[in-house]
Amino acid sequence: MNNRVLVFDTTLRDGEQSPGVRLSVADKIEIGRQLVDLGVDILESGFPISSPGDFESVETLARELKGVTICALTRARQKDIEVAAEALKPAERRRIHTGLGVSANHLDFKLRMTKEQALETGVNAVKFARQYTDDIEYFMEDSGRADPEYVYRVVEEVIKAGATTINVPDTTGYTYPNEYYHLIKGIIDNVPNSDKAIFSCHCHNDLGMATANTLAGVMAGARQVEVTVNGIGERAGNTALEEVVMALHIRSDKFMCQTGIDTKQLLATSRMVSRLTGMTVQRNKAVVGANAYAHSSGIHQDGVLKERSTYEIIDPHLVGAEKSEIILTARSGRHGLKFRLHEMGFDFPDERFEHLYNEFLKVADTKQEVYEDDLRELVNR
Ligand code: KIV
Ligand code: ZN
């Protein structure tokens, strides 16, 4: 099996759907350029029929960004597809992403269609879209809650109609990893023409399992992951790009897959997206949070100072962070304090250090963190 996993970034489409986020065309270009440098394979740039502003963003990104496939979302409607094709015209490489729901919930309450009607609508949309590009991705919204037998039929028919990538969204973040694994594996094993398409994981984070589900999908044979920077997106968000990329990298012993991402740019990309979207990254966020490479307890500091790998599985340089940090708090020990003082150019004989350490603990008990200025004052005293 091919071991290259394609990274489909949807920060500018699903990510921008985060409540409270609004990106200008200029913001989108800035983020888009960074995503191209980062090495994403497909960049979902928007939903052109949704507003004139979104049409303009997709068209501008299609014109400005080179070396990446630009994708636009549509419903399974001719007008949507025509508008998306128009916006994508200037792109070097273009993809139309169309589809509709497959779960009973979506068919009955949202689409108000029978399974047969929805299948026919999807197949017709794919055939229509093929006149504009041969790169067609088909999404089966709410696959996570759908009847697998129906999903298999839809996949078979839309591949016959010309879809080349099949997106299997867990739209509501309902599934757990074992279930999502079997959904993808079931499709690959049961659909006779499954070898003609790439399968894509698109997971939402309502139960905090988006990254785990996406990785389970890769284990099952999916070779595209749909992600956003910092995991932003509708409700609890999408799968975080940086988490999946680093999990595939660090656990390559198990996944044996690679992406084309330059991991050294992950932190800078995360910070740019946070700044432009106004969505702060929680301090303890995996891979890119401010605390991700910071150690504050004495036991951990002692271990990390002896050998980094005792408490760190990711070398911070790998994601573009300068270094691991030793944070001084009331839980820190002698080794951590000695290290920070040494960094500042102070080394003390043992009994003077012991006195300083006791004074340090008194200060540390009064505040969250002991900073360099506090240390300097202690030393002066
Ligand atoms: O979550 C979802 O199902 C989607 C589709 C529109 C691809 O974002
Ligand atoms: Zn989504």
Item to check | Hull volume in cubic angstrom per residue (convex hull over the Cα atoms of the chain) | outcome: 145 Å³
Item to check | Separation of alpha-carbon centers, the stretch 4-53 and the stretch 183-245, rounded to whole Å | outcome: 18 Å
Checklist entry - Using a cut-off of 16 Å between alpha-carbon atoms, which lysines can reach K185, once sequence neighbours fewer than 8 places away in the same chain are excluded? => result K196
Next on the checklist: I'd like the accessible area for Y311, computed on protein heavy atoms only with a 1.4 Å probe and all protein chains in place. Round to 10 Å², please.
Outcome noted: 100 Å²
Checklist entry - Using alpha carbon coordinates only, what is the Rg to Rh ratio of the stretch 196-325, with Rh defined as the Kirkwood radius? => result 0.99
Next on the checklist: Relative contact order of the chain, please, whole-number percent, based on alpha carbon pairs below 8 angstrom and at least 6 residues apart.
Outcome noted: 14 percent
Item to check | Residue-count net charge about H249 - beta-carbon cut-off 15 Å; Lys, Arg +1, Asp, Glu -1 | outcome: -2
Item to check | the stretch 248-289: trypsin sites (Lys or Arg not before Pro) in DSSP loop, at most 16 other beta carbons within 10 Å | outcome: R251, R283
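Which of the GluC sites (Glu not before Pro) found in the stretch 306-340 are loop residues per DSSP with 12 or fewer other Cβ atoms within 10 Å of their Cβ?
Answer in residue order: E307, E322.
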Checklist outcome for this item: Whole-Å distance linking the alpha carbon centroid of the stretch 110-128 with that of the stretch 286-333 is 52 Å
Next on the checklist: Please compute the Kirkwood hydrodynamic radius over the stretch 1-154, one decimal place, Å, based on all pairs of different Cα atoms.
Outcome noted: 16.1 Å
Checklist entry - In degrees, nearest 10, range 0 to 90: what is the angle between the Cα axis of helix 78-88 and the longest Cα principal axis of the chain? => result 50 degrees
Item to check | Surface share of carbon and sulfur [accessible, 1.4 angstrom probe, percent] for the stretch 203-294 | outcome: 51 percent
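The values are calculated or read from the model by the stated rules, or taken from the named source; none is laboratory data. Here the structure is a predicted model, which means the values were calculated and not measured. Heads up, the Cβs are rebuilt from the backbone with ideal geometry, glycines too, and the neighbour counts pull from every protein chain shown. These area figures cover heavy atoms from the full protein model, side chains too; ligands, DNA and RNA do not enter into them. Shrake-Rupley method; radii C 1.70, N 1.55, O 1.52, S 1.80 Å.
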